[in-house]
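The values are calculated or read from the model by the stated rules, or taken from the named source; none is laboratory data. All of these numbers come straight from a predicted model, not from anything done at the bench. Methodologically, a virtual Cβ is constructed for each residue, glycine included, from the backbone with ideal geometry; neighbour enumeration extends over all protein chains shown.
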Amino acid sequence: MPNKSQLPAGGAEAYQPDRLYRIAKTIGDLIPDAMTMAIVLMVVLAIAALWIGNSPLEVMDAYYVGLWMLLPFTMQMTLILVLGSALASTKFFGRMVHTLSNLPRSEGQTIALSMATTCCLAYCFWGLSLALAPLVAVSYARQSERKGHPVDFPFLLSCNAAAGAIWQFGFSASAPLMMNTPGHFLEEETGLMPLSTTIWANATLVYLAIYLTSVFLLARLLMPKKARPISLFPESCKLADATLDAAAKPEEKKPVADRFAERLEASRVPCAILTAALFGWLVYHVAVKGGGLQLNSLITILLTLGLLLHGSVLNFTKALPRAVVTAWPVIVLYHLYAGVAGLLQHTSIGTDFAEYFASISNQHTFPLLTLLSAAVVSVFVPSSGGQWVIQGFITSKASVAVGVTAQRGLLALSVGDHVGNLVSPFWAVIAAGIARMDFRTYIGYNYIWVVLWVGFGALCFTFLPA
């Protein structure tokens with residue numbers, strides 16, 4: 001581990017920048033926080049709606065309808081974040097991250113294994129990835145520095161964000177799950193879309209393989225030679241030390257409580273009863289109701305795992321207050337962005353925008369143009385499911401008109417949707433908050449991965465079977 005004399009005096013602010021750092025910092029300095037961005041987008045869309053002929057009353061009505069239209073979805077997303085974070089705080093995941101982060105013996109291995117860990121989490125469940133990916137980055141960065149081959153911590157955090165993008169085509173992909181759910185809002189237009197035709201289509205699997213390989217190779221090539229180790233970020237370093245030390249310590253035997261109520265709370269019995277009931281719900285959901293992977297079933301799985309791994313009601317409820325910290329942006333900001341989405345959906349802006357792209361499309365340009373339109377909309381609507389609600393009808397109609405499948409349109413839209421997740425501050429604020437750093441420190445690097453994400457996505461979903 002480098003001693004203090006080897007670190008730049010003054011910490012991270014005294015770091016001598018290279019060109020990539022200067023570019024990333026310039027981009028980060030230009031991006032306002034998520035709440036300010038929502039206000040800016042609201043003003044821009046309101047002016048645009050008036051400019052293209054919507055009356056002031058229509059614009060106000062669109063905002064009125066939109067402000068609370070994502071309330072049920074907000075609750076679902078909040079539960080995913082809180083339960084994912086509570087699950088991430090269990091000893092099981094703490095020890096898993098500790099063990100894995102101790103394996104690398106070089107800078108390249110640190111990058112590869114950190115990204116691979118995030119990939120697996122993201123593919124299984126995006127909420128778990130969102131809660132754990134920053135902890136993965138701080139743990140790998142700290143272990144790497146302790147072994148004498150420090151990596152650039154902000155860049156590693158960005159690499160993990162790039163790897164986590166694959167959740168768009170994983171088990172918790174919002175739009176594909178929605179379209180595979182009976183009674184979805186486009187069922188009369190498209191019918192059900194089996195997951196084998198969306199997230200498990202040949203084009204999707206090839207795309208993920210190419211993208212992830214390219215991200216690792218580029219990350220290895222661009223990793224700053226003058227690394228900013230995690231020790232330059234005191235709060236992140238404290239988090240890393242606390243996470244690693246807690247996982248390394250053997251579990252302490254807790255004293256037996258005096259009162260019956262306390263003994264009951266600490267007992268495994270109530271937790272086991274609730275876990276069994278939730279498991280029964282999942283079996284009933286699949287076997288009797290014919291359900292599959294949907295938002296509510298995923299939340300139930302997350303709750304079941306959290307209770308099972310925490311072991312007692314006492315441990316689980318202690319984890320929840322800390323977990324709620326990760327969800328505050330969603331609780332507040334979703335409604336601000338819902339107002340923005342209302343302006344887009346309930347005035348003529350969204351329809352005119354989507355129809356224009358459909359009118360200039362053909363079989364070969366439709367995926368690219370759908371992707372680009374989704375990328376623009378994603379900056380305004382930070383929700384994959386919410387964006388499909390806005391653009392799904394037009395995308396499905398346009399796909400029929402140009403002679404391609406609605407699935408191809410959905411997959412292309414999913415690529416564009418994640419552009420907003422990489423370049424806008426909404427989700428970056430959450431990840432940076434968990435890692436205890438300013439989101440502007442690393443978000444500029446995300447623009448590198450957008451080029452790969454968009455480029456390979458356009459090629460694969462234009463020319464490969466989907």
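Checking residue 3 against (1) among the polar types (S, T, N, Q); (2) modelled with pLDDT of 85 or more; (3) not assigned by TED's automatic domain parsing to the domain that holds residue 129: exactly one of these is not met. Which one?
Unmet for residue 3, out of (1) among the polar types (S, T, N, Q); (2) modelled with pLDDT of 85 or more; (3) not assigned by TED's automatic domain parsing to the domain that holds residue 129: (2).
Give region 31-83 a look and list any residue that's surrounded by fewer than 15 Cβ atoms within 10 Å (Cβ to Cβ), more than 30 Å from residue 303 (Cα to Cα) and within 21 Å of the chain's Cα centre (by Cα), or say none.
32, 36, listed by residue number.
Mind checking which pairs have a first residue in region 257-282 that is within 19 Å of residue 318 (Cα to Cα) and not assigned by TED's automatic domain parsing to the domain that holds residue 316 and a second that is among the polar types (S, T, N, Q) and not in a helix (DSSP H, G or I), Cβ under 9 Å, 6 or more apart or different chains?
none
Go through region 197-213 and count every residue that is more than 17 Å from residue 116 (Cβ to Cβ) and buried (at least 19 other Cβ atoms within 10 Å of the Cβ).
Qualifying residue count for the region: 7.
Inspect all residues belonging to region 165-181 and state whether any of them is over 20 Å from the mean Cα position of the chain (by Cα) and not in a helix (DSSP H, G or I). Outline the logic, then answer.
Of all residues in region 165-181, those over 20 Å from the mean Cα position of the chain (by Cα) come to 180-181.
Applying the additional criterion that residues be not in a helix (DSSP H, G or I) yields 180-181.
Taking every residue of region 165-181 in turn, at least one turns out to be over 20 Å from the mean Cα position of the chain (by Cα) and not in a helix (DSSP H, G or I).
Would you point out the residue of region 358-368, among those that are under 12 Å from residue 397 (Cβ atoms) and of a type in the set (Ser, Thr, Tyr), that is surrounded by the most Cβ atoms within 10 Å (Cβ to Cβ)?
Going through the qualifying residues, I end up with 361.
For residues that are small (Gly, Ala, Ser) and modelled with pLDDT under 80, scanning just region 360-397, find the one that is farthest from residue 184 (Cα to Cα). First the steps, then the outcome.
From region 360-397, those small (Gly, Ala, Ser) are 361, 373-375, 378, 383-386, 392, 396; that's our starting set.
Narrowing the set further to residues that are modelled with pLDDT under 80 leaves 378, 383-386, 392.
Details: 378: 21, 383: 17, 384: 15, 385: 12, 386: 13, 392: 11 Å.
Filtering first and then ranking leaves 378.
Could you say whether any residue in region 346-357 is surrounded by 20 or more Cβ atoms within 10 Å (Cβ to Cβ) and modelled with pLDDT of 85 or more? I'd like the intermediate steps shown before the answer.
Taking region 346-357 first, the residues surrounded by 20 or more Cβ atoms within 10 Å (Cβ to Cβ) are 346-347, 349-350, 354, 357.
Filter again for modelled with pLDDT of 85 or more, leaving 347.
Yes, region 346-357 contains at least one residue that is surrounded by 20 or more Cβ atoms within 10 Å (Cβ to Cβ) and modelled with pLDDT of 85 or more.
Filter the helices (runs of 4 or more DSSP H) completely within region 357-466 down to those with at least 2 residues that are assigned by TED's automatic domain parsing to the domain that holds residue 242 and under 15 Å from the mean Cα position of the chain (by Cα). I'd like the intermediate steps shown before the answer.
Numbers: elements: 366-380, 384-402, 406-423, 425-435, 440-443, 446-463.
Per the criteria, 366-380, 384-402, 406-423, 425-435, 446-463.
For (1) modelled with pLDDT of 95 or more; (2) among the hydrophobic types (A, V, I, L, M, F, W, C); (3) in the same structural domain as residue 156 (by TED's automatic domain parsing), each residue gets a yes or a no:
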| site | (1), (2), (3) |
| --- | --- |
| 196 | no, no, yes |
| 207 | yes, no, yes |
| 214 | yes, no, yes |
| 224 | no, no, yes |
| 232 | no, yes, yes |
| 236 | no, no, yes |
| 241 | no, no, yes |
| 253 | no, no, no |
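Every residue in region 215-249 that is in contact with a helix residue (DSSP H, G or I) (Cβ under 9 Å, 6 or more places away or on another chain), surrounded by fewer than 18 Cβ atoms within 10 Å (Cβ to Cβ) and not in a helix (DSSP H, G or I), please.
Within region 215-249, 226 is the sole residue that qualifies.
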